[in-house]
1. State the Cα centre-to-centre distance between region 115-143 and region 27-56 in whole Å.
2. Per residue and in Å³, how big is the convex hull formed by the alpha-carbon atoms of the chain?
3. Along region 15-22, what does the Karplus equation 6.51 cos²θ - 1.76 cosθ + 1.60 (θ = phi - 60°) give for ³J(HN,Hα), rounded to whole Hz, x for Gly and Pro?
4. Over region 2-176, what is the mean sequence separation of C-alpha contacts under 8 Å (at least six apart), divided by residue count, expressed as relative contact order in percent?
5. Can you find, among GLY107, ALA82, ALA68, the residue sitting farthest towards the positive end of the charge dipole of region 63-129, where Lys and Arg contribute +1 and Asp and Glu -1 at Cβ?
6. Go through 161-167, 142-148 and give me the packing order, highest mean Cβ count within 10 Å leading.
7. How large is the dipole of region 2-176 about the Cα centre if only Lys and Arg carry +1 and Asp and Glu carry -1, each at its Cβ, rounded to the nearest 20 debye?
Amino acid sequence: MLSHVEITARATVTPAAHFVWSNRLEYSHDCFVCRRVGRTVALHPGAESGLCHSSDGRLDEQDDVADAHPAPIRITGFDTTAGGGVERLRCRLSFWWAPFFDLERPGQRASELAERPWVRLHFRVGCHVCRDAGHDDWFGPQDSVQTDQVWPVTRPCPRCGTELVTMAGPPGIDLVG
Ligand SMILES: [Zn+2]
Ligand SMILES: [Zn+2]
């Protein structure tokens, strides 16, 4: 069946922050193609499929790359809005899903939403104070947050210490009709 999940996140930013959500993400998924629960899929808007890889969340081990395969899950809505000092992200995922038991742990039944839903979101934040002072590296490197880290998350400027971003809690992950 075709199922949908909506991911929502908000970041409170100070006037000194230049904040941009990235449109790629990683998401926990019970994948009926490889019949494993708690896999991670890498997703990008415009991609016709997700990339299912190992359960540790990062596609950097050799084993993970060998293990990776396309999965019938993709981003079908992606929207970011800013206003009132808040940067919002809303992302809709659509995927084909069917019930199964995990191949290696037969007692574990898959579900539409993973037992502990997890997502990693990427963003970049720059510092206007450093920009105005003429520092070339005022726009910071790629950064990310993920469900299972310590919240709230704050990001002061690594150069001058100016407060830039606060995220109060983990992103929302909800099954939607
Ligand atoms: Zn898979
Ligand atoms: Zn700064």
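1. Here the answer is 26 Å between Cα centres.
2. Value for the chain: 126 Å³ per residue.
3. For region 15-22, the Karplus curve yields x, 7, 8, 10, 10, 9, 6, 7 Hz.
4. Relative CO of region 2-176 lands at 31 percent.
5. ALA82
6. Answer by packing, highest mean first, reads 161-167, 142-148.
7. My answer is approximately 380 debye.
Values in this text are rule-based calculations from the coordinates and carry no lab data. Just so it is clear, the structure is predicted and the values come from calculations on it, not from any experiment. All Cβ positions, glycine included, derive from the backbone under ideal geometry; neighbour counts span all protein chains shown.
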